[in-house]
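Visitor: What follows is a structure written as structure tokens; I'll ask about it next.
The values are calculated or read from the model by the stated rules, or taken from the named source; none is laboratory data. The model shown is predicted, which means the values in this text are computed figures rather than measured ones. Cβ: placed from backbone, ideal geometry, glycine included. Neighbour counts: every protein chain shown.
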Amino acid sequence: MIDSVEIARKGYKEDIEKMYEIIKEEFKNFGIDLNKIDENTFDKLFKQSEVRSETVKALTKRFDLTGEMKSYMALYSEWEEVPLTKRILEYYKSKLKDLFIKNRKPREQDFLDLEIMICATTLDKFITQNKKDFQRYNLPILNDKLWTLDEFKNYIGFDYKKE
């Protein structure tokens, strides 16, 4: 089981690196200095059809969609229509933005972020010790889903005394 997690983490890192390189080339095609990408620049560039198209191609390959699914999910707008694929799209966009703005390379432990994001956004509520851990995702879908352990205890009426 540990081996399969390690393989998944390594595969994730390689895949996000490929996506990063694909998007980096598209940004270069627009004449953008990669050292000067900020949040606004990234968001504007990500609205370009070429960037969106390359993102969808990379995600289609990343998730190894079958022939029928490839044609169905060929448009960025189709990824936005399905709740789960929308979350995946938001995650990768958020992760790519983070990589470009902070000018860092993907890490294998980033795979845990993906798993948490998918789990946290599919649940009605997600309990965490620290909401700040999730701020880096910048995913609006998480806003009302995160509870601290204390908030959860208060909700279920668990009365405890701190010493």
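Visitor: For the range 5-26, does any single residue satisfy the condition of being assigned to a loop (DSSP other than H, G, I, E, B), at negative phi and either among the acidic types (Asp, Glu) or free of Cβ contacts under 8 Å to residues at least 40 places away in the same chain (or both)?
Guide: no
Visitor: Among the listed residues Ile22, Ile2, identify the single one that is of a type in the set (A, V, I, L, M), out of contact with any Phe, Trp or Tyr (no Cβ under 9 Å at 6 or more places or on another chain) and at pLDDT 85 or above.
Guide: Numbers: Ile2 fails: at pLDDT 85 or above.
The unique qualifying residue is Ile22.
Visitor: Can I ask one more? Cβ-Cβ distance below 6 Å, separation of 6 or more or different chains: which pairs start in the range 120-146 with a residue that is more than 20 Å from Lys97 (Cα to Cα) and at pLDDT 75 or above and end on one that is among the hydroxyl-bearing types (Ser, Thr, Tyr) and assigned to a helix (DSSP H, G or I)?
Guide: Once the first residue is more than 20 Å from Lys97 (Cα to Cα) and at pLDDT 75 or above and sits in the range 120-146, no partner that is among the hydroxyl-bearing types (Ser, Thr, Tyr) and assigned to a helix (DSSP H, G or I) comes close enough.
Visitor: Which pairs turn up if I take residues in the range 92-107 that are within 17 Å of Phe134 (Cα to Cα) and look for partners that are of a type in the set (S, T, N, Q) and modelled with pLDDT under 85 with beta carbon separation below 8 Å, at least 6 apart in sequence or on another chain?
Guide: Listed by first residue and then by second, the contacts come to Ser94/Asn138; Lys97/Asn138.
Visitor: Something else now. Taking the condition under 25 Å from Ile141 (Cβ atoms) and either outside any helix (DSSP H, G or I) or among the aromatic types (Phe, Trp, Tyr) (or both), does Leu89 pass?
Guide: Values: under 25 Å from Ile141 (Cβ atoms): yes; either outside any helix (DSSP H, G or I) or among the aromatic types (Phe, Trp, Tyr) (or both): no.
When the stated conditions are applied, Leu89 does not pass them.
Visitor: If you take the residues in the range 37-93 that are β-branched (Val, Ile, Thr) and over 19 Å from Ile16 (Cα atoms), which one is surrounded by the fewest Cβ atoms within 10 Å (Cβ to Cβ)?
Guide: To start, the set of residues in the range 37-93 that are β-branched (Val, Ile, Thr) comprises 37, 41, 51, 55-56, 60, 66, 82, 85, 88.
From the residues that got through so far, the ones that are over 19 Å from Ile16 (Cα atoms) too are 41, 66, 82.
On the way: Thr41: 17, Thr66: 8, Val82: 13.
For the range 37-93, the residue satisfying everything is Thr66.
Visitor: Would you confirm whether or not the range 69-81 contains a residue that is under 14 Å from the mean Cα position of the chain (by Cα), on the phi < 0 side of the Ramachandran plot and not in a loop (DSSP other than H, G, I, E, B)?
Guide: Start the filter on the range 69-81 by keeping residues that are under 14 Å from the mean Cα position of the chain (by Cα), which leaves 79-80.
Subset that is on the phi < 0 side of the Ramachandran plot: 79-80.
From what is left, the residues that are not in a loop (DSSP other than H, G, I, E, B) are 79-80.
Checked against the condition, which is being under 14 Å from the mean Cα position of the chain (by Cα), on the phi < 0 side of the Ramachandran plot and not in a loop (DSSP other than H, G, I, E, B), the range 69-81 yields at least one hit.
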